[in-house]
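Inspection log for the structure reproduced underneath, given as structure tokens.
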Amino acid sequence: MLNREISFPTQLRSFDLARRWILVVGVLGGIASCKSTSASGQDSAVLLDAGDALPDLLTCRNSGPPTSIGCNSWSAGGSVGKLPSPALNEVSGLVVSRKNPGIVWMHNDSGDTARVFAVSVTTPGSPQLVATYKLTGVTADDWEDIAIGPASGRSGDFLYLGDIGNNFNRVPQRTSLQVYRIPEPTVDSTKTGQLFDIAGAERIDLQYPDGKNYDCEALLVDPQTAELLFITKNLFAGPSYVFRAPAVATPGATITLQGITDCSGSLRPLTFPERELPAITGADVSAQGTAIIVRAYSGVFLWNRAPGESIADSLSHEPCKLPMASEPQGEAVGITPDGARYFTVSEGAAADIHVFDKK
């Protein structure tokens, strides 16, 4: 047999060709196992059929790099005053009005009736309870968060009240979630102590996939798409997951939530600085959808949403950790429409309403 010496450049080209084939095989294998970005938490690998279009790899990815813009540009915070009424004794949801300047909307945790409070924070040191709105024909099993955002095909902003809690995955476990939706009321801030009934609240019924149950205390409505997003809570230093529902024009049959997954088809947990596993208790998003804020008992976190990203994509990054006041059982957070200020408050009567401003 003729013995030929193979030159080094030829060896290098051969090695490079082999390396590229390995990469191609690996990529195709990854595509085959992550054709869908939504799953119930089980491995949902699907083989590609002949003629299938290759999905966009960017829709199937693990946690991305940190989004660190603005991490260190916030004030240390202060109090705008205490909760103005003994009726506000277990605040678990807070959102900033987008049509009534100086008004924040609040509601209590489980044990209260189905009502939402309009609180004025325009006068430093002296918040005022401007009005209380009772949702007639609505129950409040475990209201945990309030969101504000659009409704598909309709004008104006709406309040979304999340009856989504499931403390300790209680027994018997709840089999569905309810979100109640009303148009954001117009508030007369020149008066205090007003009482109103609101009829016709829309009820959106949802469930987790595969009959699973989670505790959840964080609700968001994407202002760009009207999509609903839910972030689960794990009180025992476990992971938090994101589920989403499409925009709802008119509520109808129960909607099965879609879990946000990684490239293996497993639910993708949120990642936090220093590998923290906080118990998530609230969330909000700015009016343009570019600033996403999430709080836990141990901290407040900010994700900066890049152009073209969904909220789920943005939450795949590691967030900034923002300032937070000492609060005995802080659960609520709300960000102003322009994303330049956020409020937090603890459960408990006469708790301080804390405010933090972008520098």
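The values are calculated or read from the model by the stated rules, or taken from the named source; none is laboratory data. Computed from a predicted model, the values in this text were never measured in an experiment. Here Cβ is always computed from backbone atoms with ideal geometry, including for glycine, and neighbour counts include all displayed protein chains.
Before moving on, here are some points about what is shown:
- Qualifying residue in region 229-242 (condition: buried (at least 23 other Cβ atoms within 10 Å of the Cβ), in contact with a helix residue (DSSP H, G or I) (Cβ under 7 Å, 6 or more places away or on another chain) and either at pLDDT below 95 or aromatic (F, W, Y) (or both)): no
- Boolean, D338 is part of a loop (DSSP other than H, G, I, E, B) and either within 15 Å of L220 (Cα to Cα) or not basic (K, R) (or both): yes
- For region 196-212, the set of residues classified as closer than 17 Å to R244 by Cβ and surrounded by 13 or more Cβ atoms within 10 Å (Cβ to Cβ) consists of I204, D205, L206, Q207, Y208, P209, K212, listed by residue number.
- Residues satisfying the stated conditions in region 138-148, i.e. touching a Lys or Arg at 6+ places or on another chain (Cβ under 9 Å) and either part of a loop (DSSP other than H, G, I, E, B) or crowded, with 24+ Cβ neighbours inside 10 Å (or both): V138, A140, D141, D142, E144
- Hey, S286 touching a residue at least 40 places away in the same chain (Cβ under 8 Å) and hydroxyl-bearing (S, T, Y) or not: yes
- Qualifying position, being under 24 Å from V333 (Cβ atoms) and loosely packed, with under 12 Cβ neighbours inside 10 Å, among G156, G193: G156
- Single unsatisfied condition, E327 versus (1) surrounded by fewer than 19 Cβ atoms within 10 Å (Cβ to Cβ); (2) within 20 Å of W105 (Cα to Cα); (3) of a type in the set (D, E, K, R); (4) touching a residue at least 60 places away in the same chain (Cβ under 8 Å): (4)
- Failed condition for P124, given (1) under 19 Å from A283 (Cβ atoms); (2) assigned to a loop (DSSP other than H, G, I, E, B): (1)
- Test result for T190, among the polar types (S, T, N, Q) and free of Cβ contacts under 8 Å to residues at least 40 places away in the same chain: yes
- Set D262, D284: member being touching a Phe, Trp or Tyr at 6+ places or on another chain (Cβ under 8 Å) and acidic (D, E): D284
- Across region 84-131, the qualifying residues are those that are buried (at least 19 other Cβ atoms within 10 Å of the Cβ) and of a type in the set (S, T, Y), and the one among them that is nearest to A218 (Cα to Cα) is S92.
- With respect to the conditions (1) under 18 Å from V95 (Cα atoms); (2) in contact with a Ser or Thr (Cβ under 6 Å, 6 or more places away or on another chain), G334 falls short on a single one, namely (2).
- Residue in region 174-187 that is under 23 Å from A114 (Cβ atoms), of a type in the set (D, E, K, R) and part of a loop (DSSP other than H, G, I, E, B) present: yes
- Of the residues screened, L220 is not one that is under 22 Å from R98 (Cα atoms), out of contact with any Leu (no Cβ under 7 Å at 6 or more places or on another chain) and not in a loop (DSSP other than H, G, I, E, B).
- When G156, G125 are checked against the criterion of being touching a strand residue (DSSP E or B) at 6+ places or on another chain (Cβ under 7 Å) and at pLDDT below 95, G125 stands alone in meeting it.
- Residues of region 330-354 that are surrounded by 21 or more Cβ atoms within 10 Å (Cβ to Cβ), under 29 Å from T225 (Cα atoms) and of a type in the set (A, V, I, L, M, F, W, C): A332, V333, I335, F343, V345.
- Screening region 232-308 for strands (runs of 3 or more DSSP E) wholly inside it with 2 or more residues that are over 14 Å from L219 (Cα atoms) and within 15 Å of the chain's Cα centre (by Cα) returns the ranges 258-260, 300-304.
- Enumeration of residues in region 289-302 that are touching a Lys or Arg at 6+ places or on another chain (Cβ under 9 Å), among the aliphatic types (A, V, I, L, M) and in contact (Cβ under 8 Å) with a residue 24 or more places away in the chain: A291, I292, V300, L302
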